[in-house]
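Participant: Pasting a structure below so you can have a look.
The values are calculated or read from the model by the stated rules, or taken from the named source; none is laboratory data. As the structure is a prediction and not an experimental result, all values here were calculated from the model. Using ideal geometry, Cβ is built from the backbone for each residue, glycine included, and neighbour counts are taken over all protein chains shown.
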Amino acid sequence: MAEKSPWKKGDLKFVYERVTDQIIQRLEEGVVPWHTPHMATVGFPKNFLSGKTYRGINVMLLAMGGYISPWFLTYKQAQERGGNVRRGEKGYLVVKFGMYAKEADDGSEHQRKYLRQYTVFNASQIGGVDFPEPSRPAFLPDQRTEAAQSIIENMPNPPVIYEGRIAQTCYNPATDCIDIPNRSYFESEPRFYKSLFHEVVHATGAAKRLARKTLLDNRGISVSDKTIYSQEELVAEIGAAFLCAHAGIVIDEHVNSAAYIQSWLTVLKSKSNRRWIVDAAGYAQKAVDYILKLEP
């Protein structure tokens, strides 16, 4: 059982802890929150009132709940649309980031971050609102392969990718190259692209792309900071899951070993890492935006 948070409900750290505790709970249940089929089969979650797609950590928070419609509303938004949340329904946590100006004693203004939490409900939990049916078509196997290959081919300023040169999948920042074994080495085409997406997300951290602080500096010299390494791996894992969903690829969870899940539990339970999952999801979203040429 998670320890009681020392932070008050309105504090930034309280929201980070609440989000992290939800992710930890799912991992302890043997479920990897960023490996959810709903993004690939139903589509990415959206707010019905604004029409905007949820991003970053909110994608994971909503997807791991198992939604059957991509549309969500807050309780108030449902009422404003003439609907109501059915009695007994439990909502989903989402968070909103922003900036505000705080005036100092000398009259100068300083920008401060805020992080607010909201509860939203899926269309299946709301009555009285006419939601459109999910329109995302099911991907056939060949279409998933084509969609995944299209993502790789259309990435701007891409790294060089070598297939079959070595029996290892890795990204080398010093040469800006990705190596991946022949696709026959993998049990399926989706597994091949999931591994490739992982390395492509790593490559977005290069100085000439998003300049994200990573395990290796631009000279290819290893940094002995395990914190940087673990967070960068989390960014690549989440980013790969998002890209798989865009290609209609459902990641089969049976391949996740207990050791794999335990490794993330160990990282996220550390008191110094209570905002990691939120930050990593944000970096992953930026990487996906870059690869897919999406406007934030």
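Participant: Is one or more of the residues making up region 92-108 more than 26 Å from Leu294 (Cβ to Cβ), among the acidic types (Asp, Glu) and not in a loop (DSSP other than H, G, I, E, B)?
Facilitator: Yes - at least one qualifying residue is present in region 92-108.
Participant: Among the residues of region 242-261, which ones are at pLDDT below 85 and not small (Gly, Ala, Ser)?
Facilitator: Ile251, Asp252, Glu253, His254, Val255, Asn256, Tyr260, Ile261
Participant: Which one of Phe48, Phe44 is at pLDDT 95 or above, over 30 Å from Ser272 (Cα atoms) and in contact with a strand residue (DSSP E or B) (Cβ under 7 Å, 6 or more places away or on another chain)?
Facilitator: Phe48
Participant: Still on this structure: So which residues in region 62-100 are among the hydroxyl-bearing types (Ser, Thr, Tyr), without any contact (Cβ under 8 Å) to a residue 60 or more places away in the chain and over 27 Å from Lys13 (Cα atoms), if there are any at all?
Facilitator: Tyr67
Participant: Of everything in region 93-112, what is of a type in the set (Phe, Trp, Tyr) and in contact with a Phe, Trp or Tyr (Cβ under 7 Å, 6 or more places away or on another chain)? Give them in sequence order.
Facilitator: Listed by number, the list holds a single entry, Tyr100.
Participant: In region 17-33, is there at least one residue being surrounded by 20 or more Cβ atoms within 10 Å (Cβ to Cβ) and among the small types (Gly, Ala, Ser)?
Facilitator: The answer is no, given that none of the residues of region 17-33 is surrounded by 20 or more Cβ atoms within 10 Å (Cβ to Cβ) and among the small types (Gly, Ala, Ser).
Participant: Oh, and also: Which of the residues that make up region 109-164 are hydroxyl-bearing (Ser, Thr, Tyr) and under 19 Å from Gly43 (Cα atoms)?
Facilitator: Passing the criteria: Ser124, Ser135, Thr145, Ser150.
Participant: Read through the list (1) closer than 30 Å to Val19 by Cβ; (2) in contact (Cβ under 8 Å) with a residue 12 or more places away in the chain; (3) surrounded by fewer than 18 Cβ atoms within 10 Å (Cβ to Cβ), then give the number of the only condition that Pro181 fails.
Facilitator: (1)
Participant: Considering only region 135-157, state which residues are outside any helix (DSSP H, G or I), among the polar types (S, T, N, Q) and either without any contact (Cβ under 8 Å) to a residue 60 or more places away in the chain or over 19 Å from Lys286 (Cα atoms) (or both).
Facilitator: Result: Ser135, Asn157.
Participant: Quick check: is even one residue across region 230-241 assigned to a loop (DSSP other than H, G, I, E, B), over 23 Å from Phe97 (Cα atoms) and either touching a Gly at 6+ places or on another chain (Cβ under 7 Å) or at pLDDT below 95 (or both)?
Facilitator: no
Participant: Return yes when Phe197 is in contact with a Leu (Cβ under 8 Å, 6 or more places away or on another chain) and assigned to a helix (DSSP H, G or I) and no when it is not.
Facilitator: yes
Participant: Kindly indicate the residue of region 1-26 that is among the polar types (S, T, N, Q) and in contact with a Phe, Trp or Tyr (Cβ under 8 Å, 6 or more places away or on another chain) and also modelled with the lowest pLDDT among those meeting that condition.
Facilitator: It comes out as Ser5.
Participant: Can you say whether Gly51 is at positive phi, surrounded by fewer than 17 Cβ atoms within 10 Å (Cβ to Cβ) and within 24 Å of the chain's Cα centre (by Cα), as far as the supplied structure shows?
Facilitator: yes
Participant: Among (1) within 25 Å of Arg274 (Cα to Cα); (2) part of a loop (DSSP other than H, G, I, E, B); (3) of a type in the set (A, V, I, L, M); (4) at pLDDT below 90, where does Leu210 come up short?
Facilitator: Condition (4) is where Leu210 drops out.
Participant: Could you tell me whether region 137-156 includes any residue that is among the hydroxyl-bearing types (Ser, Thr, Tyr), under 30 Å from Gly205 (Cβ atoms) and in contact with a Gly (Cβ under 8 Å, 6 or more places away or on another chain)?
Facilitator: Scanning region 137-156, I find no residue that is among the hydroxyl-bearing types (Ser, Thr, Tyr), under 30 Å from Gly205 (Cβ atoms) and in contact with a Gly (Cβ under 8 Å, 6 or more places away or on another chain), so the answer is no.
Participant: Yes or no: Val59 touching a residue at least 40 places away in the same chain (Cβ under 8 Å), within 16 Å of the chain's Cα centre (by Cα), under 21 Å from Arg275 (Cα atoms) and surrounded by fewer than 17 Cβ atoms within 10 Å (Cβ to Cβ)?
Facilitator: So Val59 fails the test.
Participant: Select from region 118-165 the residues that are aliphatic (A, V, I, L, M) and either under 16 Å from Gln77 (Cβ atoms) or surrounded by 11 or more Cβ atoms within 10 Å (Cβ to Cβ) (or both) and list them in ascending order.
Facilitator: Selection gives Val120, Ala123, Ile126, Val129, Ala147, Ala148, Ile151, Ile152, Met155, Val160, Ile161.
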